[in-house]
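Read-outs: derived from the displayed coordinates by stated rules, not from any lab. Everything numeric in this text was worked out from a predicted model, so none of it was measured. Every residue, glycine as well, gets a Cβ built from its backbone with ideal geometry; the counts of neighbours run over all protein chains shown.
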Amino acid sequence: MPSAKIAVIEGDGIGKEVVPQGIKVVRQAARLFGIDLQWEEFDWGCDHHARIGRMMPENGLDRIAGHDAIFLGAIGWPTVSDVESLWTLLMPIRRNFQQYVNLRPVRLFDGVPSPLANPGLIDFYIVRENNEGEYSEIGGRMFPGMDQEMVSQETILTRFGCDRVMRFAFELSRKRKRKLTSATKSNGIIHTMPFWDERFRAIAKEFPDVATEQYHIDILTAHFVRRPSSFDVVVAGNLFGDILSDLGPAVTGTIGIAPSANLNPERRFPSMFEPVHGSAPDIAGRNIANPIGQIWSGAMMLEHLGAKDAADAIVTAIARVLASGENLTPDMGGTGSTASLGQAIVDALSRRPEALRHG
Ligand code: IPM
Ligand code: MN
């Protein structure tokens, strides 16, 4: 891969601590594999809101639309309502840039204790629909403050939206174990979820070589805990996918390591890479946040940009450092810091570049 231009948004809270570690590791990988990366920082977030009254400038999206990727930390801080902070920064990026796939790997690494006694080998992907579903602007409030106060919020599923994310999940399954699980709740949610199942069956016909199964979300969460090693690719709507993508990583020990790729698979717009975790105001500013979710997101970014070998090298370095048990942050039972863990991964990357380069 020749070169790429990356928009960096550290955002809020621990985003400001983990993003520099992510950049440090990705830079080192880029150096080792001969990739030219240019980074442009955007100071958008709740501090920007305090200064200027907006999370990002009015022309914010235009300013990053031409970049090859967006590397984001986390958005949200108690001084700004979540509706304001997320729906004027994170959501506009996900939606306007048609990042309709939220790809979230779940993997148990040696050295990270799982809360399960016998977790087995856990290595699967959640493919979360990222543009519609329960996350909709359709709805409202009537009679505010009165006895008959009421709210409603509509779930929006479109054939177009279901089909494209399902096709992505089937394609991914084809590159893996050819087994795809769909999360549903068509026994209780009687309009949208039967439609989801219908589209799943229709798209499955295009992929006769992929085995399918579907579970209602309630029992699926139980299976995530009882037999997480049985999953390979799980496709879910926006809300179920959100929930599953915290539960999956929790079963692997900590959501601090979990990455995500908000993908526009057609590459008409930049894709965005951010950890699954949020800005964590409770631990912000203490240099104890786990940087691996951010660093691994950086690996997913390199892979998306066409540098799979560099991406693999980062994941291998992460695995090596975790297995060593050194520098682990408190969420993994260690006493390491954000910076020391990030540095350990840089060092692990650099140690055997030749071996890494050739496989
Ligand atoms: C995530 C987050 C967001 C989401 C929040 C912050 C709106 O939880 O990326 O998983 O629900 O998508
Ligand atoms: Mn979430």
- line: Mean Cβ-within-10 Å packing, highest first, puts peptides 77-84, 258-265 in the order 258-265, 77-84
query: Among the GluC sites (Glu not before Pro) within the stretch 119-186, which fall in a DSSP loop and have no more than 10 other Cβ atoms within 10 Å of their own Cβ?
result: E149
message: How are the alpha carbon pair distances in the stretch 94-211 distributed across 5 Å bins from zero to the largest one, expressed in percent?
response: 2, 9, 16, 17, 15, 14, 11, 8, 4, 3, 2, 0
task: Within the stretch 183-216, which residues have the backbone N less than 14 Å from the label spot 7 Å out from M150 along Cα→beta-carbon, could you tell me?
output: none
query: Given Cα pairs under 8 Å that are at least 6 residues apart, what percent is the relative contact order of the chain?
result: 24
message: Given the options Q153, H48, G60, identify the residue whose Cα lies farthest towards the positive end of the charge dipole of the chain (+1 on Cβ of Lys, Arg; -1 on Cβ of Asp, Glu).
response: G60
- request: Taking H placed 1.01 Å from N in the peptide plane, check which residues at least 5 places from G334 or on another chain put their amide H under 5 Å from its amide H.
  value: T329
field: Three-way shape call for the stretch 2-153 based on the alpha-carbon gyration tensor, with the a/c threshold at 1.5
entry: oblate
message: Please list, in order along the stretch 255-268, the HN-Hα scalar couplings obtained from phi with the Karplus expression 6.51 cos²θ - 1.76 cosθ + 1.60 (θ = phi - 60°), rounded to whole Hz, x for Gly and Pro.
response: 7, x, 9, 7, x, 8, 10, 8, 9, 9, x, 6, 6, 6
- prompt: Restricting to the chain, what percent of DSSP beta bridges are antiparallel, rounded to 5?
  reply: 40
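What is the dipole size for the chain, taken about its Cα centre, with +1 at each Lys and Arg Cβ and -1 at each Asp and Glu Cβ, in debye to the nearest 20?
Values: 37 positive and 43 negative charges, 242 e Å.
About 1160 debye.
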message: Can you return the lysines within cross-link range of K175? Criterion is Cα-Cα under 22 Å, with same-chain partners fewer than 8 residues away left out.
response: K205, K308
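If Lys and Arg each add +1 and Asp and Glu each add -1, what is the summed charge of the other residues whose beta carbon sits under 11 Å from the beta carbon of I138?
Surrounding charge for I138 is -4.
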statement: FRET efficiency for D110 and D246 from the Cβ-Cβ distance with R0 = 30 Å, rounded to 0.05, comes out at 0.85
field: Helix-derived mean residue ellipticity, 222 nm - over the chain, DSSP H n ≥ 4, -39500 (n - 2.57), to 500
entry: -12000 deg cm²/dmol
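Rounded, prolate or oblate, given the Cα gyration tensor of the stretch 251-343, with a/c below 1.5 counting as rounded? Mind showing how you got there, number by number?
Values: a/c = 2.49, a/b = 1.53, b/c = 1.63.
It is oblate, given that a/c is not under 1.5 and a/b is not larger than b/c.
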- request: Please label the shape of the stretch 220-301 as rounded, prolate or oblate, based on the square roots a ≥ b ≥ c of the eigenvalues of the alpha-carbon gyration tensor (a/c under 1.5 means rounded; beyond that, a/b larger than b/c means prolate, else oblate).
  value: oblate
field: Rg/Rg_globular for the stretch 107-148, with Rg_globular taken as 2.2 N^0.38 Å and Rg from C-alpha atoms
entry: 2.31
message: If I take all pairs of Cα atoms in the chain, what percentage of them are more than 37 Å from each other?
response: 17
task: Using amide H atoms built 1.01 Å from N in the peptide plane, name the residues 5+ places from G73, or on other chains, whose amide H lies under 5 Å from its own.
output: I9, E10, G11
- line: Amide H contacts under 5 Å for V235, restricted to residues at least 5 apart in sequence or on another chain and with H modeled in the peptide plane, are V127, T181, S182, A183
- prompt: Measuring from the lowest to the highest alpha carbon on each principal axis, how far does the stretch 266-315 reach, largest first, in angstroms?
  reply: 37, 26, 13
